[in-house]
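Enquirer: Okay, handing you the structure first.
The values are calculated or read from the model by the stated rules, or taken from the named source; none is laboratory data. Worth saying up front: this structure is predicted, and the values here are computed from it rather than measured. Positions of Cβ are backbone-derived with ideal geometry, glycine not excepted, and every protein chain shown enters the neighbour counts. To get the accessible areas, we keep the full protein, side chains included, count just its heavy atoms, and leave off ligands, DNA and RNA. Shrake-Rupley method; radii C 1.70, N 1.55, O 1.52, S 1.80 Å.
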Amino acid sequence: MQQGDRVVRGQQLLDVDLALLKEKGYVTQTPVLVVNPEEMKEIKITDQKQVAENDDLVTVSYKS
């Protein structure tokens, strides 16, 4: 990825061996950062305590 690229649903951002991380005792919770909120009209965050692959975590609407 390069600066200015947009992320779309389902786009792979990285590849992680979660089983190995858990085996080694690492925490697998991951923070999510929104880095340009001034460009956004609305940010909706799920109220689910856990999400699975392909679940919506954050939905962003950009200003026109």
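Enquirer: Assigned to a loop (DSSP other than H, G, I, E, B), of a type in the set (D, E, K, R) and either open to solvent by 70 Å² or more (accessible area, probe 1.4 Å) or in contact with a Lys or Arg (Cβ under 7 Å, 6 or more places away or on another chain) (or both): does that describe Asp15?
Expert: Yes: the conditions hold for Asp15.
Enquirer: Still on this structure, please answer the following. Can you work out which of the residues in segment 18-46 that are within 22 Å of Ser64 (Cβ to Cβ) and of a type outside the set (A, V, I, L, M) is surrounded by the fewest Cβ atoms within 10 Å (Cβ to Cβ)?
Expert: Glu38
Enquirer: Select, from Val34, Val60, the only residue that is outside any loop (DSSP other than H, G, I, E, B) and among the aliphatic types (A, V, I, L, M).
Expert: The unique qualifying residue is Val60.
Enquirer: Could you list, in sequence order, all residues of segment 37-50 that are of a type in the set (Lys, Arg) and in a loop (DSSP other than H, G, I, E, B)?
Expert: Lys49, the sole residue that qualifies.
Enquirer: Further, regarding this structure: Does Lys49 satisfy being surrounded by 10 or more Cβ atoms within 10 Å (Cβ to Cβ) and either farther than 21 Å from Gln2 by Cα or at pLDDT 90 or above (or both)?
Expert: No: the conditions fail for Lys49.
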